[in-house]
Amino acid sequence: MPAPSPTTKADRARQGRAVAQTPDITRTLVPGSLEVYPVKEYGAMHMGVHRFCTLKMAATSAATPNS
């Protein structure tokens, strides 16, 4: 049975960090999806859409031409 979906924002963030630290998974920013917003007295906040895949999937998709 699959693990239950994260229910809180903190749970989702924790799960995302765990995936990002897995050595056989890559994260690639989707071109054109980066958004940067100034935050007064802090600096900036950035958001973007990422594509996650295993290294095996990345090698397969790189070898397969786009249709």
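What ranking of Thr28, Thr8 emerges when the number of other C-beta atoms within 10 Å of each C-beta is taken as an exposure proxy, fewest first?
On the way: Thr28 11, Thr8 8.
Fewest-to-most ranking of Thr28, Thr8: Thr8, Thr28.
Shown for Glu41, Glu35: other C-beta atoms within 10 Å of each C-beta, ranked fewest to most, produce the order Glu41, Glu35.
A short reminder: the numbers here are calculations on the coordinates, not readings from a lab. Owing to the predicted nature of the structure, the values given are computational and were not obtained by experimental measurement. With ideal geometry, Cβ positions are generated from the backbone for all residues, glycine too; neighbour counts draw on all protein chains shown.
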